[in-house]
């Protein structure tokens, strides 16, 4: 049976692969990119959140950089997306599922790492959420999309809930393997329910007219 | 009477609130965002500059992350903007004033922090300016605007002057409460004069034609 | 004869100047910017890659920030571009050459710094490449271009090869001045051959239709 640290590493690598595949496919659709661009964007989606996490937690050099397994797994995901892009593109459901897996795993492992380094619960929740959504945000900025986490769907909130669940379990002394997996499953289920029923976070009731596009 | 450290903290928190409110309102106008997006952009505007500052000063984890008061204040600013967005939008003058307050406070506290950590005057001026304009720059990138600090108005220059004044005062042995406030007031006044008289930093005399927008 | 450290510093400063000049000129063409914007973008292009490098290598504060010579040289490059912008714009060949010089020098000095700090060869190759392409990527994001490294030409690959050559030489015990310069020349030549013969990294064979531009 794996120890806690091994479990965290395995979950983190699975999340990394899921995000690399998803990130590269999103990039393929958003812009005309060459193989360098597709693989790079897959890797950035996969390791971006963890890099921000480790800067905030003062845990440099970032685990995603110091441990070659992260970028081997991330590069593999990006290359698969590049070579199978068109076929994978029809597999919208598996891709959404993979992305939700990555979201759930990164939210929970990010929060758990913060607790393990002695940070408070607020920091752990915030850093878990940032770990989960950070890579995709950098990807969207690079291909000139407004980051989807800011504008659509139900994406940051499941991450916030998953990170909170992991932190609460840890504070209650139940921060073991089961609680970690449970919090990730909770995040995953909420995310998939949001996708299924097309949930959205509330929009402003009376938004000012978005008139600032004059410089486009 | 507050000590220097307390004063810096209070000024920093006031600047954080001003930037969160302003950043969330700017985001509301620039793109269609949900509550997560508006509050996130307010928080990023508020804590982004300080985060870059602390990376450059090797003062990790960032104060804006390690101290929950920063993101409590930032989240409050973002939520107020979300719920009162339309009404606040008519209050253009107070918003511009608040932003100038944040600019002035961050330029001065950023520079003062660098001096306190033993950095040289050039570093202190640069880091003060980056603290002041960094959060707004990240916000603009996320909502796909060319950062206003790069293209319009008189924004970075007041910050540069305020940071320089704080550094000079400190080098002259006058780095106390009064000098800190004085440098911030100087930056604030220059910024507001720039707004009032529509000052701009110089443009290139003969710019090459901006022909690269073909991919828009 | 310069020691290894002095050589690295000199090469790094030459690369910084080349990138500042090139970055400011690219910025001038991409958007309407004032003097603050042009100089800032020149400086960001010049020191951005090195800043990311030093975050990843846990070598904070970044050398580009702690050592005033970096931003003095970078600011000089930005100011020259601002004042001579139009005339320099006709000098497309020298600008491309300067950029290739910066690319080559940063790839090699970044990789060499990583090896010197005890990182493994994979980390050194990755960080050398990121040092070389990082500044230009931030610049492109700020002026709302899709980073050219992701979408066109033969840019990241020469950097990758140059960094790899520097690392291999170092592993073979030949990490001296000659090997450093040789690896930089190799990167430079490959980049210039790519420019001359209009080489591109492979594109996806059957890309999915880029249908996500609806929000443009």
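Every read-out reported here was derived from the displayed coordinates using simple, explicitly stated rules and does not represent laboratory data. Computed from a predicted model, the values in this text were never measured in an experiment. A quick note on method: Cβ atoms are made from the backbone with ideal geometry, for glycine too, and the neighbour counts reach across all protein chains shown.
For the pair region A:126-184 / region C:3-69, the C-alpha centres are spaced 33 Å from each other. Taking the Cα atoms of region B:108-173, the ratio Rg/Rh between the radius of gyration and the Kirkwood radius comes to 1.06. Counting Cβ atoms of other protein chains within 10 Å of each residue's Cβ and taking the mean over peptide B:65-74 gives 3. Past the 15 angstrom mark, what percentage of all C-alpha to C-alpha distances in region C:1-99 do you count? More than 15 Å apart: 60 percent of the Cα pairs in region C:1-99.
Counting only other chain Cβ atoms within 10 Å of each residue's Cβ, the peptide A:164-173 averages 0.
Estimate the FRET efficiency between residue A:32 and residue C:172 by the formula 1/(1 + (r/R0)^6), using the beta-carbon distance for r and 30 Å for R0, to the nearest 0.05. Efficiency, rounded to the nearest 0.05: 0.15.
Among B:164, C:96, C:180, sorting on how many other beta-carbon atoms sit within 10 Å of each Cβ, with the fewest leading, yields C:96, B:164, C:180.
Calculation over all alpha carbon pairs of the protein assembly as shown in 20 angstrom steps from 0 returns a P(r) of 19, 56, 24, 1 percent.
The sum of -39500 (n - 2.57) across all DSSP H runs of n ≥ 4, divided by the residue count of the protein assembly as shown, sets its helix-only mean residue ellipticity at 222 nm to -25500 deg cm²/dmol.
Its Cα gyration tensor gives region C:34-149 an equivalent ellipsoid. The semi-axes, each the square root of 5 times an eigenvalue, are 26, 15, 13 Å from largest down. Across peptide C:25-33, the mean count of Cβ atoms from other chains lying within 10 Å of each residue's own Cβ comes to 5.
A quarter of the convex hull surface defined by the alpha-carbon atoms of region C:16-71 gives 3.8 nm² as the mean projection. Per residue, the convex hull spanned by the Cα atoms of chain B measures out at 143 cubic angstrom. The other copies place their residue C:92 label points at 4.2, 4.2 nm from this one, listed shortest first, where each point is 7 Å from Cα along Cα→Cβ. Rounded, prolate or oblate: pick one for region B:40-92, where a ≥ b ≥ c are the square roots of the eigenvalues of its C-alpha gyration tensor, a/c under 1.5 means rounded, and failing that, prolate if a/b is larger than b/c, else oblate. In terms of gyration-tensor shape, prolate.
Considering only alpha-carbon pairs that sit under 8 angstrom and 6 or more positions apart, the relative contact order computed for region B:1-137 is 33 percent. Sorting B:119-132, A:185-198, C:63-76 by average packing, meaning the other beta carbons within 10 Å per residue, from highest down gives B:119-132, C:63-76, A:185-198.
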